1. With of a type in the set (D, E), open to solvent by 10 Å² or more (accessible area, probe 1.4 Å), under 20 Å from L329 (Cβ atoms) and at pLDDT 95 or above as the only criterion, which of D397, D459, D422, D418 stands out?
2. Residues of segment 335-374 being touching a residue at least 40 places away in the same chain (Cβ under 8 Å) and outside any strand (DSSP E or B), which ones?
3. When you go through S461, S399, S412 one by one, which is the residue that is over 33 Å from the mean Cα position of the chain (by Cα) and among the hydroxyl-bearing types (S, T, Y)?
4. Which of the residues belonging to segment 95-118 are assigned to a strand (DSSP E or B) and open to solvent by 60 Å² or more (accessible area, probe 1.4 Å)?
5. Inspect all residues belonging to segment 199-206 and state whether any of them is of a type outside the set (D, E), open to solvent by less than 10 Å² (accessible area, probe 1.4 Å) and in contact (Cβ under 8 Å) with a residue 60 or more places away in the chain.
6. Pick from segment 146-162 the residues that are closer than 16 Å to G84 by Cβ and touching a Phe, Trp or Tyr at 6+ places or on another chain (Cβ under 8 Å): which of them is surrounded by the fewest Cβ atoms within 10 Å (Cβ to Cβ)?
7. Within segment 38-55, is even one residue buried (at least 20 other Cβ atoms within 10 Å of the Cβ), at pLDDT 95 or above and either charged (D, E, K, R) or touching a helix residue (DSSP H, G or I) at 6+ places or on another chain (Cβ under 9 Å) (or both)?
Amino acid sequence: MRWLRQFVVLVSAVVTLPLAIAPPAQGQLPASSGAAADYGGPAVVLSPRGLDRPVCADTPLRLTFKEPPQLGTAGRLQVHRADGTLVDTVDLADPASRQRAIGGALSDYGEVHRWTYEPVVVEGRTASVHLHQALAPGEVYHVTVEEGFFLGMTAVEGGTWRFRTQDAPRRSAPRITVDRSGGADFCTVQGAVDSVPENNSTPVRIDVAPGTYREIVYVAQNKPHLTVRGSGASRTVIGYPNNSVLNGDAAMANVPPEQSYCPRRVLPQPDRFNCWRAAFGVDADDFRLEHATIHNSTPDGGSQAEAFRGNGDRIVLDHVRVLSHQDSLRLQGRAFVTDSYVEGDVDFVWGTGGVFVQDSELRSLDIGYIAQIRNQDGWPGNVFLRTRLTRADTVPDGSVLLGRIDKRFPTSQVVFLDSTMDAHVAPVGWGISDGDCTTVDRLRFWEYGSTTPDGAPVDTSGRLACSRQLDAAEAEVWRDPAKLLGGWDPRRPAA
């Protein structure tokens, strides 16, 4: 039952964990918010409220109190159409209310997969209610809240809390806008992704305004050719405290395979359940992420928790910050990462390759391992060109390996070229977790031109015996992304 105790701790943490930047001040609400109302307790501001200004169909519902509210253990919040038809219920006493479908995700058997999530999030004086699905566009809704949903707050009766949703944006639009504060096509990134037609064949750009988007995002394989572009990595933050205990191997232990097995598995046995634990997951081809931060805010030691997981072909990350602790960045197909920042402690760049990473920073937060690349026989791995390997102030010298692998993957490839390495990188450089060089005789742990932060050559005389220092001609070959990526050169514009 250890996993259940971890689950309770992590789900409790979901309510309060911040993302990388602070959300807007708690008193700042969208212009469509109504005035404060007294429900037998402290005054509460309900948002959205009123019919004058329509709101996004994927808007969260917000209640702002004079003091930080306390969520009850029973009671229901319900959303109804104008004709009284019930469309959604958040029931604090029903565990099923903590699950929802996201992004049309289907298991490997074609059945709907459901994520565990937190439907009510309390931050300061504001409680945000995240419904199980987006509402229909162009409709009038009213919300009822039963007594006990928030301690000290009496019921909100029908007709008191009313709002309407805006009309749907044009289908097949080449550009979609997202702003958590309203005034755009959608309030959530997932809402924008969901609006893209299945099997889309033309480029679609999703522009995300500054702000913190606290959500799990999933892009299914039938949504190719998407670009998600933030307003700058320091201004647009997308993420969630998702992890293995909440939605990964531990959580799937008693879920039937028909609902839990991952689609598009590269390694069928190891990858049965681990696709569901990322903050931002992509199973589609031709996906780009630009000028944004992806943050899995699971606390240190809170289990495997990818910030970004890419499992499609031709994925590009450009000027992106990827933040987590364990398994921060996972890339399973051909991918290109440039001018970006990745931080973590254990295997915080991992996957199956081939992946080309250039002009980026990999920051170690603790003792651990940078890369774990699980290549199949004959497949390409990861090349890191002109990367900067840095560390948090608390990370001691000689405590971090460039990469590690176990004997199940004897042909794994990790290559560091022209990279700067601080003294936290251990002299041995590499590790084999359950064997030695005799058990992985085709291993490709390669290196060329490594320097210290002051520009001096790194002393590589103590490196693992089956690793290798490339010569200049060999290094030149691997500086070309197309060599690793089967002829795809992401530095050139697509035809």
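1. Values: D397 fails: under 20 Å from L329 (Cβ atoms); D459 fails: under 20 Å from L329 (Cβ atoms); D418 fails: under 20 Å from L329 (Cβ atoms).
Result: D422 is the single residue among D397, D459, D422, D418 that is of a type in the set (D, E), open to solvent by 10 Å² or more (accessible area, probe 1.4 Å), under 20 Å from L329 (Cβ atoms) and at pLDDT 95 or above.
2. Those that are touching a residue at least 40 places away in the same chain (Cβ under 8 Å) and outside any strand (DSSP E or B): T352, G353, G354, R374.
3. Selected residue: S461, the only one of S461, S399, S412 that is over 33 Å from the mean Cα position of the chain (by Cα) and among the hydroxyl-bearing types (S, T, Y).
4. Keep residues of segment 95-118 that are assigned to a strand (DSSP E or B), which gives 99-106, 112-116.
Passing the criteria: Q99, L106, V112, R114.
5. No: segment 199-206 contains no residue that is of a type outside the set (D, E), open to solvent by less than 10 Å² (accessible area, probe 1.4 Å) and in contact (Cβ under 8 Å) with a residue 60 or more places away in the chain.
6. Let us first name the residues in segment 146-162 that are closer than 16 Å to G84 by Cβ, namely 156-162.
Right, trim to touching a Phe, Trp or Tyr at 6+ places or on another chain (Cβ under 8 Å) and you get 156, 162.
Values: V156: 23, R162: 18.
Per the stated criteria, the residue is R162.
7. Yes, the conditions are met somewhere in segment 38-55.
Residue-by-condition table, conditions (1) farther than 22 Å from V120 by Cα; (2) touching a helix residue (DSSP H, G or I) at 6+ places or on another chain (Cβ under 9 Å):
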| site | (1), (2) |
| --- | --- |
| M153 | no, no |
| G158 | no, no |
| W161 | no, no |
| V196 | yes, no |
| P203 | yes, no |
| Y213 | no, yes |
| L226 | yes, yes |
| S231 | yes, no |
| L246 | no, yes |
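The values are calculated or read from the model by the stated rules, or taken from the named source; none is laboratory data. On a predicted model such as this, the values are computed, not experimentally measured, just so you know. Methodologically, a virtual Cβ is constructed for each residue, glycine included, from the backbone with ideal geometry; neighbour enumeration extends over all protein chains shown. The accessibility values were calculated without ligands, DNA or RNA, using every heavy atom of the protein model including side chains. Shrake-Rupley method; radii C 1.70, N 1.55, O 1.52, S 1.80 Å.
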